[in-house]
Amino acid sequence: MERVYLFTRFERLWHWAQAVLIIGMLVTGFEIHGTYKWLGFAQAHKVHTTIVWAFIALWVFAIFWHLTTGEWRQYIPTMKNIDKVVRFYAVGIFRGDPHPFQPTRARKHNPMQAQTYLGVTVVVTPLLWISGLAYLFYNELSAAGWGIQLGAIALVHTIGAFLMLAFLIGHIYLGTTGHTPTAHFKAMVSGWDEAH
């Protein structure tokens, strides 16, 4: 087994900060939606809005970091060996087969991960941001003559929230599929992964 330093301090900070902010937005967002009552609508809305601005600030900084370091290349999707990775997660993982992809500093994400992260980045996140900002500034948009229905905005935002929740659940589950159930989590804490 060889140890590989995969995740820089910033990547780990960005990952865990995103996780906390996304969970916070989901918890407060579903309360705003009326799914349950914990903080109350007004407080949940205030907390949700604060978390949203923190999330946007984090993303602006992360985009700058990815562009200046060249790490944006990690998210370029590839079809190379995608069939092997899909077969591994569908069948091989249950038979104890070795993972067909070994992460390196140059290519941290397997083809399925890269495509998923790209999809979340270019589809789910913008869907949430655009609908969320339209929701937040609905009165201003209406006053400016934009004929957007509040119900349609809420529906799109809720769909985005469920997509993000599905991603989060899948992400946590797949985090347990390393050579030990905690290996991937440890790598995201320390930065070091063990190549097999």
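Key figures for this structure:
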read-out: Candidate set: region 60-94, residues that are of a type in the set (D, E, K, R) and at pLDDT 90 or above; chosen: the one surrounded by the fewest Cβ atoms within 10 Å (Cβ to Cβ); value: D83
read-out: Some residue of region 44-52 being polar (S, T, N, Q), part of a helix (DSSP H, G or I) and out of contact with any Phe, Trp or Tyr (no Cβ under 7 Å at 6 or more places or on another chain); value: yes
read-out: Any chance A57 is touching a helix residue (DSSP H, G or I) at 6+ places or on another chain (Cβ under 9 Å), among the hydrophobic types (A, V, I, L, M, F, W, C) and under 24 Å from L133 (Cα atoms); value: no
read-out: Region 103-115, residues that are under 15 Å from N81 (Cα atoms) and either touching a Phe, Trp or Tyr at 6+ places or on another chain (Cβ under 8 Å) or surrounded by fewer than 16 Cβ atoms within 10 Å (Cβ to Cβ) (or both); value: K108, H109, N110, P111, M112, A114
read-out: Among the residues listed as L174, L127, L163, the single one being under 28 Å from R73 (Cβ atoms) and in contact with a Gly (Cβ under 7 Å, 6 or more places away or on another chain); value: L127
read-out: V52 vs. criteria touching a helix residue (DSSP H, G or I) at 6+ places or on another chain (Cβ under 7 Å), under 21 Å from T158 (Cβ atoms) and touching a residue at least 60 places away in the same chain (Cβ under 8 Å); value: yes
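Each row is one residue, and each column tells you yes or no for (1) more than 25 Å from E71 (Cβ to Cβ); (2) modelled with pLDDT of 90 or more.
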{"position": "T116", "(1), (2)": "no, yes"}
{"position": "P126", "(1), (2)": "no, yes"}
{"position": "L133", "(1), (2)": "yes, yes"}
{"position": "G147", "(1), (2)": "yes, no"}
{"position": "I153", "(1), (2)": "yes, yes"}
{"position": "A161", "(1), (2)": "yes, yes"}
{"position": "M164", "(1), (2)": "no, yes"}
{"position": "G170", "(1), (2)": "no, yes"}
{"position": "A187", "(1), (2)": "no, yes"}
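The values are calculated or read from the model by the stated rules, or taken from the named source; none is laboratory data. Source: prediction; values computed, not measured. Methodologically, a virtual Cβ is constructed for each residue, glycine included, from the backbone with ideal geometry; neighbour enumeration extends over all protein chains shown.
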